[in-house]
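Peer 1: Mind looking over this structure? Questions follow.
The values are calculated or read from the model by the stated rules, or taken from the named source; none is laboratory data. On a predicted model such as this, the values are computed, not experimentally measured, just so you know. Cβ placement follows ideal geometry from the backbone for every residue including glycine, while neighbour counts extend to all protein chains displayed. Surface accessibility is based on the protein's heavy atoms, side chains included, excluding ligands, DNA and RNA. Shrake-Rupley method; radii C 1.70, N 1.55, O 1.52, S 1.80 Å.
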Amino acid sequence: MTQLKKTKEPVHLRRKRLANGNVSLYLDIYLNGVRNYEFLKLYLIPEKTKKDRETNAETLRLAEAVKALRVVDIQAGRYGFRNKNRKDVTLLDFYAKCREEKRTEDSVKNYQNWKSAEIFVRQHFSENLKVADVSEEDCIGFRDFLDREAVTQREKEENRHRLSKNSRNNYFCKFKACMKEAVKKGLIVSDPSAYVSAAGIDITERSYLTQEEVRILAKTPCRYESIKRMFLFSCLTGLRWSDIEKLRWAEVSVMDGQTRVTFTQKKTKQLEYLDINAQAASLMGERGRASDKVFRKDIAFSTYFNSELKKWVRSAGIDKDISFHCARHTFAVMMIDLGADIYTVQKLLGHAELRTTEIYARILDRRKQDAVNRIPDLL
């Protein structure tokens, strides 16, 4: 009987005990006579509780998944056997291609963000760097470059030396999106930025209206009826301007007296089902043809639009810097104030991640307010 020759596995998951008691996980990759080590920045912790054991089990599953990706990379030729038709695509050229693909999308702001991020991609990376040669270390290097060194021309003139944390996060996320697109288009097998996290964002103050201020605003005349109806509709539904503006009657249905809007979010491209109350439904007016837009504007969205919105708010005696997006903030805070749980608010807003919704919970935390209000009279 002929014995099959056993092939030596090129990737092994190894462990290294650290001084603090944790165990660092890393990959031992041996290929073509060359050994490399890839530290995964994943750690096993001492198991003292059931939760510790569950955490370690999840960490090991993630490490095994990374190992499997590296094996696929090798089998597909990532280490020296790439497709010759694709290996010469440079990172800068591919990023520019991705950026131009965004030009055809509806979000002008998103396209501008891609252009702004490109300034720093070109500052940091060599023009000869191939997409297939981008490593995880390169991705970390770019993130650190944004954190420490990236400066716009205007900032140079103003003698400023750092991007805001939100800008750094935004630009690095565009770079990560570029690498993810390279995987989709078959230029690389796995995403080298997949396990490199962005800087995160600073929680900025979110302006919103109280329920009483919404009531006052509803009673205040506005020069443009469409501004009033669309803004109040957003306050009552949480929908973004971009989704309200494109809403058509074909997306609005009524069943057993309940009005539902079924639409695809312009920002996330996700299909959403949103039930709205009678007040919001009344703002839509008389039903038109299926192809008709629900809100027919008497003014286009522009700087002038925002200027008129601010005038209307001021005429109501409300001294706040309000933009159209503040209506979405108003809805989120109102839902939490009325007792809706954070998961329900997440679904209503269409947030992909809970942490985005949690920002509103921090704005209005009734438990904290109740706690401080229970302090007895001490003075």
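Peer 1: Considering only residues that are more than 12 Å from Ser207 (Cβ to Cβ) and of a type outside the set (D, E, K, R), which ones fall in the range 303-320?
Peer 2: Pass one, the range 303-320, residues more than 12 Å from Ser207 (Cβ to Cβ): 303-309, 311-312, 314-317.
Thr303, Tyr304, Phe305, Asn306, Ser307, Leu309, Trp312, Ser315, Ala316, Gly317, listed by residue number.
Peer 1: Filter the range 247-282 down to residues that are of a type in the set (D, E, K, R) and at pLDDT 90 or above and give me whichever is surrounded by the fewest Cβ atoms within 10 Å (Cβ to Cβ).
Peer 2: First, pick out the residues of the range 247-282 that are of a type in the set (D, E, K, R): 248, 251, 256, 260, 266-267, 269, 272, 275.
Of the ones still in play, those that are also at pLDDT 90 or above are 248, 251, 260, 275.
On the way: Arg248: 15, Glu251: 17, Arg260: 14, Asp275: 12.
Per the stated criteria, the residue is Asp275.
Peer 1: Hey, another quick one. Residue under question is Ala150, and the condition is that it be in contact with a Leu (Cβ under 7 Å, 6 or more places away or on another chain), assigned to a loop (DSSP other than H, G, I, E, B), among the hydrophobic types (A, V, I, L, M, F, W, C) and at pLDDT below 90; does it hold?
Peer 2: Numbers: in contact with a Leu (Cβ under 7 Å, 6 or more places away or on another chain): yes; assigned to a loop (DSSP other than H, G, I, E, B): yes; among the hydrophobic types (A, V, I, L, M, F, W, C): yes; at pLDDT below 90: yes.
Here the answer is yes, as Ala150 does meet what is asked.
Peer 1: Checking the conditions here, which among Ile318, Ile336 is among the β-branched types (Val, Ile, Thr) and in a loop (DSSP other than H, G, I, E, B)?
Peer 2: Values: Ile336 fails: in a loop (DSSP other than H, G, I, E, B).
So the residue among Ile318, Ile336 that is among the β-branched types (Val, Ile, Thr) and in a loop (DSSP other than H, G, I, E, B) is Ile318.
Peer 1: Something else about it: Could we say that Phe295 is within 22 Å of the chain's Cα centre (by Cα) and not small (Gly, Ala, Ser) here? Step through it out loud before you land on a result.
Peer 2: Working: within 22 Å of the chain's Cα centre (by Cα): no; not small (Gly, Ala, Ser): yes.
Taking the combined requirement at face value, the residue does not satisfy it.
Peer 1: Output the residue which, of all residues in the range 157-191 that are open to solvent by less than 50 Å² (accessible area, probe 1.4 Å) and either charged (D, E, K, R) or modelled with pLDDT under 80 (or both), is nearest to Arg143 (Cα to Cα).
Peer 2: Arg168
Peer 1: Any idea which of Thr262, Thr268, Thr220, Thr237 is among the β-branched types (Val, Ile, Thr) and without any contact (Cβ under 8 Å) to a residue 24 or more places away in the chain? Break it down stepwise before answering.
Peer 2: Values: Thr268 fails: without any contact (Cβ under 8 Å) to a residue 24 or more places away in the chain; Thr220 fails: without any contact (Cβ under 8 Å) to a residue 24 or more places away in the chain; Thr237 fails: without any contact (Cβ under 8 Å) to a residue 24 or more places away in the chain.
Every option except Thr262 fails the conditions.
Peer 1: Can you find even one residue in the range 333-351 that is surrounded by 15 or more Cβ atoms within 10 Å (Cβ to Cβ) and at pLDDT 90 or above?
Peer 2: no
Peer 1: Exactly one of these conditions fails for Lys297: (1) in contact with a Ser or Thr (Cβ under 6 Å, 6 or more places away or on another chain); (2) farther than 16 Å from Ile227 by Cβ; (3) not hydroxyl-bearing (Ser, Thr, Tyr). Give me its number.
Peer 2: For Lys297, the failing item is (2).
Peer 1: A further question on this structure: Which members of the range 26-74 meet the condition of being free of Cβ contacts under 8 Å to residues at least 24 places away in the same chain, closer than 13 Å to Tyr195 by Cβ and exposed (fewer than 15 other Cβ atoms within 10 Å of the Cβ)?
Peer 2: Phe39, Leu62, Ala65
Peer 1: Being of a type in the set (Asp, Glu) and in contact with a helix residue (DSSP H, G or I) (Cβ under 8 Å, 6 or more places away or on another chain) is the filter here, so list the residues in the range 281-307 that pass it.
Peer 2: Looking only at the range 281-307, we keep the residues that are of a type in the set (Asp, Glu), and these are 286, 292, 298.
Selection gives Asp292, Asp298.
Peer 1: Just checking, how many residues over the range 217-273 are under 22 Å from the mean Cα position of the chain (by Cα), more than 26 Å from Asn306 (Cβ to Cβ) and among the hydrophobic types (A, V, I, L, M, F, W, C)?
Peer 2: Final tally of qualifying residues: 1.
Peer 1: Of all the residues that make up the range 316-332, how many are open to solvent by less than 40 Å² (accessible area, probe 1.4 Å), closer than 17 Å to Phe233 by Cβ, touching a helix residue (DSSP H, G or I) at 6+ places or on another chain (Cβ under 8 Å) and not small (Gly, Ala, Ser)?
Peer 2: Total meeting the criteria: 6.
Peer 1: How many residues are in a helix (DSSP H, G or I), small (Gly, Ala, Ser) and open to solvent by 60 Å² or more (accessible area, probe 1.4 Å) when one looks only at the range 283-315?
Peer 2: Of the residues in the range 283-315, 1 are in a helix (DSSP H, G or I), small (Gly, Ala, Ser) and open to solvent by 60 Å² or more (accessible area, probe 1.4 Å).
Peer 1: Just checking, how many residues over the range 89-126 are open to solvent by less than 70 Å² (accessible area, probe 1.4 Å), among the hydroxyl-bearing types (Ser, Thr, Tyr) and either modelled with pLDDT under 90 or part of a helix (DSSP H, G or I) (or both)?
Peer 2: So the answer is 4.
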